1. In this structure, is Leu5 within 30 Å of Glu154 (Cα to Cα), in contact with a Cys (Cβ under 8 Å, 6 or more places away or on another chain) and touching a residue at least 24 places away in the same chain (Cβ under 8 Å)?
2. Scanning segment 42-66 for residues that are without any contact (Cβ under 8 Å) to a residue 12 or more places away in the chain and over 18 Å from the mean Cα position of the chain (by Cα), which turns out farthest from Leu148 (Cα to Cα)?
3. Taking Leu12, is it touching a residue at least 60 places away in the same chain (Cβ under 8 Å), hydrophobic (A, V, I, L, M, F, W, C) and assigned to a helix (DSSP H, G or I)?
4. Do we find that Ala90 is small (Gly, Ala, Ser), part of a helix (DSSP H, G or I) and touching a residue at least 24 places away in the same chain (Cβ under 8 Å) in this structure?
5. Of everything in segment 46-78, what is assigned to a helix (DSSP H, G or I), over 30 Å from Leu126 (Cα atoms) and touching a helix residue (DSSP H, G or I) at 6+ places or on another chain (Cβ under 7 Å)? Give them in sequence order.
6. Consider Leu51 carefully, then state whether it is surrounded by 15 or more Cβ atoms within 10 Å (Cβ to Cβ) and of a type outside the set (Asp, Glu).
7. Could you tell me which residue of segment 76-104 is farthest from the chain's Cα centre (by Cα), considering only residues that are β-branched (Val, Ile, Thr) and surrounded by 12 or more Cβ atoms within 10 Å (Cβ to Cβ)?
8. Pull up segment 35-45, narrow it to residues that are polar (S, T, N, Q) and surrounded by 13 or more Cβ atoms within 10 Å (Cβ to Cβ), then point me to the one that is farthest from Pro124 (Cα to Cα).
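Each value in this text was obtained by applying a stated rule to the coordinates, not by laboratory testing. Predicted model only: the values in this text are computed from it and were never measured. Positions of Cβ are backbone-derived with ideal geometry, glycine not excepted, and every protein chain shown enters the neighbour counts.
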Amino acid sequence: MFVLLKNLRSYLDKSILIFCGFALLALVVTVTWQVFSRYILNDPSSFTDELSRYLMIWLGLLGASYLFGKRGHLAITLLADNIPPKMNTALQLFINLLALSFVSLAMLKGGWALIGRTMQQFSPALQIPMAYVYFILPLSGVLIVFYLILNILEPFIKESH
């Protein structure tokens, strides 16, 4: 079971990194084109500013999801570094459960509600439903929940082996 979860995490990590790599490349291309068209051609592109903004949002939230999987998110570790290992395991469980509840309410529930309200609202330049842009909230929420569940289960699975 542990090997399956480890392989699934590895596959998910690679998929997120590949998508983020393409998003970063697209972000560089759109911003470069925006600068070129504005200052060299004196005819600014109408869609690149909006597209780069949406790519940045997607890149940031997917990157945050990846960091949850790597336990690389911002943390104050003063307490965790100075308590016994058993108490540290309980503290990490509490922190992960707290994060799980926040992500479930804010990103999953709130994200789906936002998508429902913005399906008929279109972006000014790209003319795509804003729900497509906001879809990253529940998507990254699902990824973070998955990683948090793995982070919660990992100490217990390791102890049983």
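1. no
2. We begin by selecting, within segment 42-66, every residue without any contact (Cβ under 8 Å) to a residue 12 or more places away in the chain; these are 42-44, 53, 60.
Next cut, over 18 Å from the mean Cα position of the chain (by Cα) only: 42-44.
On the way: Asn42: 48, Asp43: 47, Pro44: 43 Å.
Once the filter is applied, the top-ranked residue is Asn42.
3. Yes: the conditions hold for Leu12.
4. Here the answer is no, as Ala90 does not meet what is asked.
5. Hits for segment 46-78 are Phe68, Gly69.
6. Details: surrounded by 15 or more Cβ atoms within 10 Å (Cβ to Cβ): yes; of a type outside the set (Asp, Glu): yes.
Spelling it out, Leu51 is indeed surrounded by 15 or more Cβ atoms within 10 Å (Cβ to Cβ) and of a type outside the set (Asp, Glu).
7. Looking at the filtered set, the residue picked out is Ile83.
8. Going residue by residue through segment 35-45, those that are polar (S, T, N, Q) are 37, 42, 45.
In the following step, the residues that additionally are surrounded by 13 or more Cβ atoms within 10 Å (Cβ to Cβ) were identified as 37, 45.
Details: Ser37: 19, Ser45: 13 Å.
Across segment 35-45, the extreme among qualifying residues is Ser37.
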